[in-house]
Amino acid sequence: MTTTTTLGATQGTEPSADDALPTRIGRLANVIGSERCSAADRAALKRWGPGQPPPFAFYRLWLRDLGTDLPPPAQTRTWMLIAWGLALGVAHRRDRPLGQALAEAGLAEARLERLLGSDPEILPDLLASAIRFLASKAETIDWLDAARLLLSQDADKREVIHRRIAQAYFRHQPRNDQE
């Protein structure tokens, strides 16, 4: 008997966020940042926008380059947003929390508040805007923060993620020490 795996998780089971998600993000980032992802596919991923169906390059990325099953339909938009951000050049860096990158890049506090306080339906659009902002500043982020923010269905878990992002943001926000 053979089992099909989806980037570290057996198909039909829910991977734990602590085990499978870092593997998924790391593999996706490695492929998009390597020669395995053609310039044409990277360009197709960059042209995508929230609300559009995934380009064919997204399916090729998962099925051929990653050698795994597609993400569940309910998660396709999230994974496409992550692939899009990676293709834009916002590289994955495990030691660079999303909140830190947003603070150091100069994202307005009001924009972060709107992002973290948004309904799940509008969250991908607001995160895409923040990712475009980070790309314009050539920033890197820990994509795990963004993935957890987008994938969390539980309100309590989402609040933990919001707190983590806000904490990193305020810890790294430039201080105004003028008296």
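The values are calculated or read from the model by the stated rules, or taken from the named source; none is laboratory data. What you see is a predicted model, and the numbers here were worked out from it, not measured in a lab. In this analysis, Cβ positions are derived from the backbone assuming ideal geometry, glycine residues included, and neighbour counts consider all displayed protein chains. With ligands, DNA and RNA removed, areas are computed over all heavy atoms of the protein, side chains included. Shrake-Rupley method; radii C 1.70, N 1.55, O 1.52, S 1.80 Å.
Suppose we keep only residues that are over 17 Å from the mean Cα position of the chain (by Cα) and either open to solvent by 30 Å² or more (accessible area, probe 1.4 Å) or of a type in the set (S, T, N, Q) (or both) within segment 24-51. Which one would you say is nearest to Leu123 (Cα to Cα)? Before you say what the answer is, go through the steps one by one.
Of segment 24-51, the ones over 17 Å from the mean Cα position of the chain (by Cα) are 34-41, 43-44.
This time we only want the ones that are either open to solvent by 30 Å² or more (accessible area, probe 1.4 Å) or of a type in the set (S, T, N, Q) (or both), so: 34-36, 38-40, 43.
Numbers: Ser34: 29, Glu35: 31, Arg36: 30, Ser38: 29, Ala39: 29, Ala40: 28, Ala43: 24 Å.
Ranking the candidates gives Ala43 first.
List the helices (runs of 4 or more DSSP H) that sit entirely inside segment 39-106 and contain at least 1 residues that are β-branched (Val, Ile, Thr). If you could, list the steps in order and put the result at the bottom.
On the way: elements: 39-47, 56-60, 76-88, 98-105.
Counting at least 1 such residues, we get 76-88.
Got a sec? Which of Ala57, Ala83, Ala101 is of a type outside the set (Asp, Glu), in contact with a strand residue (DSSP E or B) (Cβ under 6 Å, 6 or more places away or on another chain) and either free of Cβ contacts under 8 Å to residues at least 60 places away in the same chain or crowded, with 19+ Cβ neighbours inside 10 Å (or both)?
Working: Ala57 fails: in contact with a strand residue (DSSP E or B) (Cβ under 6 Å, 6 or more places away or on another chain); Ala83 fails: in contact with a strand residue (DSSP E or B) (Cβ under 6 Å, 6 or more places away or on another chain).
Criteria check complete, one pass: Ala101.
Here are Ala130, Ala135, Ala147: which of them is within 19 Å of Ala108 (Cβ to Cβ), within 12 Å of the chain's Cα centre (by Cα) and small (Gly, Ala, Ser)?
Selected residue: Ala130, the only one of Ala130, Ala135, Ala147 that is within 19 Å of Ala108 (Cβ to Cβ), within 12 Å of the chain's Cα centre (by Cα) and small (Gly, Ala, Ser).
Just give me the residues in segment 107-119 being free of Cβ contacts under 8 Å to residues at least 24 places away in the same chain, among the hydrophobic types (A, V, I, L, M, F, W, C) and part of a helix (DSSP H, G or I), in sequence order.
Result: Ala110, Leu115.
(1) at pLDDT 95 or above; (2) in a loop (DSSP other than H, G, I, E, B): which one isn't true of Ala17, the others all being true?
Among (1) at pLDDT 95 or above; (2) in a loop (DSSP other than H, G, I, E, B), Ala17 violates only (1).
Hey, can you tell me all the residues within segment 145-179 that are farther than 24 Å from Arg24 by Cβ, open to solvent by 80 Å² or more (accessible area, probe 1.4 Å) and at pLDDT 95 or above? Give the derivation first.
Initial filter on segment 145-179 (farther than 24 Å from Arg24 by Cβ): 166-167, 169-179.
Adding the requirement that they be open to solvent by 80 Å² or more (accessible area, probe 1.4 Å) leaves 167, 170-171, 174-179.
Those that are farther than 24 Å from Arg24 by Cβ, open to solvent by 80 Å² or more (accessible area, probe 1.4 Å) and at pLDDT 95 or above: Gln167, Phe170, Arg171.
Out of the residues in segment 128-144 that are in a helix (DSSP H, G or I) and open to solvent by less than 10 Å² (accessible area, probe 1.4 Å), state the one that is nearest to Asn30 (Cα to Cα). Reasoning before the result, please.
Applying the first criterion (in a helix (DSSP H, G or I)) to segment 128-144 yields 128-136, 143-144.
Those left that are additionally open to solvent by less than 10 Å² (accessible area, probe 1.4 Å): 128, 130-131, 134, 143-144.
Values: Ala128: 21, Ala130: 22, Ile131: 18, Leu134: 19, Trp143: 12, Leu144: 14 Å.
It comes out as Trp143.
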